[in-house]
Amino acid sequence: MKPAILFVDDDVNNLHSLKRLFYDLREEWSLFFAQSADEALKILNHTDIQTIVTDMRMPQTDGAELLNIVRLKFPNIIRIILSGYADQSMITRTIASADQFFSKPYDIKLLKKYLETVQSAVYNLRYENIFNLGPRTSPVYILPHVYKNIISELSSTPASLKNIFLLAEQDPCLILKILNLVNSDFYGRRKSCTDHEQAVKDIGLEIFNELFFKQSIFQPFPDSWSENDLILETYKHAALHGYIARELSTQIFKSTPDSNTVFAITMLLYLSVIQLVLSNPKILNELKSNASFMDSNFCLNEYFRNINHIYLNQISTYLCQFAGLPNVISNTLRSFIYPKEIESETEQQKLLLKIIHFSGNLSDELLPYKKWNKIFNFSDIKFRPEEISQSELNTICERIQTNIHRI
């Protein structure tokens, strides 16, 4: 069955233009067109639509209102907004309900590419408990202390984007949403950004205030989640793995891609565990209550591989594809579980994978030290790749130690 896409625009000339632009895809997709929100909802009530692409400015019910209705009534439908206006308050209204934002005049090749990529991702995220994750959730739940500290920072005078970046990088779900926004047209020119620090700068204080105070896009996750050891250990492991990967990339592999990109990709690797546990509490009941994090992580991976025939890194890959993140991120995540495929990747890809694998092994060695304020006994670390001398490893670990209080 062909995926069905619904285009909504009150301007009949724009609809005719869309029909011409997507004419060559009529064999792959079923195309539907509506001139108003009411007409669109009638089609949605009687047709199995996978994607809706709507204009922002329409009479009576505008695009933001329409997508919010769709989000509530048809949560599995992919929601895309088109707008030719730079009204910031209007644009931010769509963030809670839209999966992607394209500005007019939009690049038809980019729109087609996104639609093709997201259709593939959705096909793989075909189970409801997997599909409705990541940037699709509203609000996006983040670590309570991260939320509290960002609110405090935004309320201070002057607020610091650097401090917001340092707080944001503790939470993979927040990194995903930030990169999702900056890799769309929602705030201006579409960019290809893999550096979450640069993404924070591009978004700016004004929009962060809008996201946290007016639109409430981000919220602290419930207390019941905070009491779950698996969730908390996953966040700690993600942060530790990320910090080590960044140190490896800056201290050892001199030709590495940007170290923040390495950090972000490493953190995003843990999206699947975090989101699956948060969205499906029954998974926790199927894990042994006394299992360590690594054992639980293994159980989760085996659970979904056996039930859904999918690996956790694949889920992270699909979530990043769906969010419209650059290919270097999704390709690296996709290849992570298949080291034999590294030879077929680009040199950049191989280097990224090598860093993430090395840092993952090192974080596994450090993970048993549950008291994060304790000085690690680095001589106990068995892992040391041949590219790294013991003295270099000690230097890296000492630098990590200075930042461990942030985990």
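Here are the numbers for the structure shown:
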| item | result |
| --- | --- |
| Full-extension gain in nm, Q251 to S120, via 0.36 nm per residue minus C-alpha separation | 43.4 nm |
| Net length gained if the chain between L166 and N327 were fully extended (0.36 nm per residue, minus Cα distance) | 55.5 nm |
| Spin-label zone in region 1-39 - amide nitrogen under 19 Å from a point set 7 Å from the Cα of L110 along the C-beta vector | 18, 21-22 |
| Ordering of 11-19, 197-205 by packing [mean C-beta count within 10 Å, highest first] | 197-205, 11-19 |
| By average C-beta atoms within 10 angstrom, highest first, the peptides 264-273, 176-185 | 264-273, 176-185 |
| Local net charge near L66, Cβ-Cβ under 13 Å (Lys/Arg +1, Asp/Glu -1) | -1 |
| Summed side-chain charge close to F212 - residues other than F212 whose Cβ falls under 12 Å, Lys, Arg +1, Asp, Glu -1 | 0 |
| Lys, Arg +1 and Asp, Glu -1 on Cβ, resulting dipole of region 7-70 about Cα centre, debye, nearest 20 | 100 |
| Net charge, L154 excluded, C-beta distance under 12 Å - Lys, Arg +1, Asp, Glu -1 | -1 |
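Only the coordinates and a few stated rules stand behind these numbers; no lab work does. The model shown is predicted, which means the values in this text are computed figures rather than measured ones. With ideal geometry, Cβ positions are generated from the backbone for all residues, glycine too; neighbour counts draw on all protein chains shown.
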